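Asker: Supplied in structure tokens, the structure appears directly below.
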Amino acid sequence: MAALSTAQPVQAAAPQMKKKVVVFGGMQRDLKVYYGLVPRPLDSQATARLHSHADQIMAGLCFLHANSVYHRDLKPANILTDDLGNIRICDFGQANYYAPGRCQTMCVGTLWYRAPEILKGEAYDLRVDVWSLGCTLVEITTGRFLYPYDNEASQIAQISLSNPLIRHAA
């Protein structure tokens, strides 16, 4: 996680804003673009890179969760990479602090990566990032979305059909 400490926080351009911006140097593309350029099926070199990316993304999520932060919009377009295969999770616009016993209920995140709890309007916790990670890993591995539906009702219906645990909870 040493690479995370190299980020430099800077004050946002408008001094009246209370927001901070973190600037990362050298990240050429997001994973949506990177894996969109990789032919399928993945060869051994691409598979090794994918394993490295997955390890780094999981380490980044562990770092966030250990610091009581959940991203809530993890997806390939919000994960950057450089030519050396280094990973940076970006776009924390929907991130929030997590407090044990205080679950969120706000509907956030990009539809295709939303956890069932969010889709159903239920309370949720840090595990929503794990669901998004799973959807992300399926997409970058196969080149296809796991649940590519255009509305929440279709999305939760398909998830429920494919997962008996969710079907019984619905």
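Asker: Around Tyr98, which amide H atoms from residues at least 5 apart in sequence, or from another chain, sit under 5 Å from its own amide H, with H modelled in the peptide plane?
Answerer: Under 5 Å from the amide H of Tyr98 lie the amide H atoms of Val69, Tyr70, each far enough along the sequence or on another chain.
Asker: Highest mean first, how do 109-118, 34-43, 86-95, 69-78 rank when packing is the count of other Cβ atoms within 10 Å averaged over residues?
Answerer: Final packing ranking: 69-78, 109-118, 86-95, 34-43.
Asker: For the peptides 151-161, 129-139, what is the packing order when you average, over each peptide's residues, the other Cβ atoms within 10 Å and list the highest mean first?
Answerer: Numbers: 151-161: 14.9, 129-139: 19.6.
By packing density, highest mean first, the sequence is 129-139, 151-161.
No value in this document is a laboratory result; all are computed from the given coordinates. What you see is a predicted model; the values in this text were computed from it and never measured. Here the Cβ is made from the backbone with ideal geometry for all residues, glycine too, and neighbour counts use every protein chain on show.
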